[in-house]
Amino acid sequence: MKFELNQQEYIELMKLLKFLGLVESGTEAKIVIDDGLVKVNGQTEQRRRCKIRSGSKVEFDGEVIEVV
C-alpha cells in the first residue's frame, strides 16, 4: 500500500494509522504503538508522534505502507 504526502513534510505515526483505517481511533493507535506492534523502516517504533516522512516504510498488522 502506498501513502502519498501532499504538500506536507511529514505525518505523525498515530495519524497515519488512523487515516488509513488500520485502527479505529486514536486510542487504539496509542495502544498498538505502545505494545510494539508497529515497525518503521524495520525497527519497532514506540513513539506515537514519530514523524513519518517520504521514503519511510511502516509495517502493521500484515500491511506494509510505503510513504511517497
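What is the set of long-range amide H partners of residue 5 at a cut-off below 5 Å, with H atoms built 1.01 Å from backbone N?
Sorted by chain and number, the residues that satisfy this are 68.
By how many nm would the segment from residue 12 to residue 35 lengthen if fully extended, with 0.36 nm per residue of separation less the alpha-carbon distance?
6.6 nm
For segment 38-53, what does the Karplus curve 6.51 cos²θ - 1.76 cosθ + 1.60, with θ = phi - 60°, yield as ³J(HN,Hα) per residue in whole Hz, taken in order and with x for Gly and Pro?
With the stated coefficients, segment 38-53 comes to 10, 10, 10, 6, x, 10, 4, 10, 10, 8, 4, 9, 3, 7, 9, 10 Hz.
Which label belongs to the value computed from this structure, given these candidates for log10 I(q)/I(0) by the Debye sum over Cα atoms at q = 0.22, 0.25, 0.29 Å⁻¹: (i) -0.95, -1.25, -1.71; (ii) -0.93, -1.10, -1.32; (iii) -0.86, -1.14, -1.55?
Read-out from the structure maps to (iii).
Are there GluC sites (Glu not before Pro) in the chain that DSSP puts in a loop and that have at most 12 other Cβ atoms within 10 Å, and which ones?
Working: sites: 4, 9, 12, 24, 28, 45, 59, 63, 66; in loops: 4, 9, 24, 45.
Those that pass, being in a loop and sparsely packed, are 4, 9, 24.
Which residues' amide hydrogens lie under 5 Å from the amide hydrogen of residue 12, considering only partners 5 or more residues apart or on another chain, with H built in the peptide plane?
52
For residue 20 and residue 49, what is the calculated FRET efficiency with R₀ set at 22 Å and r taken between the beta-carbons, to the nearest 0.05? Let's see the in-between values first.
Working: r = 17 Å, r/R0 = 0.75.
E between residue 20 and residue 49, to the nearest 0.05, is 0.85.
Using the Karplus curve 6.51 cos²θ - 1.76 cosθ + 1.60 with θ = phi - 60°, work out ³J(HN,Hα) for each residue of segment 10-27 in order, rounded to whole Hz, and write x for Gly and Pro.
In residue order, the calculated couplings are 7, 9, 6, 3, 4, 5, 4, 4, 5, 4, 7, x, 7, 10, 8, 8, x, 5 Hz.
May I ask you to evaluate 6.51 cos²θ - 1.76 cosθ + 1.60, the Karplus curve with θ = phi - 60°, for each residue of segment 58-68 and list the ³J(HN,Hα) values in order in whole Hz, giving x for glycine and proline?
Once θ is set to phi - 60°, the couplings for segment 58-68 become 10, 10, 7, 6, x, 9, 10, 10, 9, 8, 10 Hz.
Values quoted throughout were computed directly from the atomic coordinates according to the rules given, and no laboratory measurement underlies them. Small disclaimer: the values here were computed from a predicted structure and weren't measured. Virtual Cβ from ideal backbone geometry, glycine too; neighbours counted across all protein chains shown.
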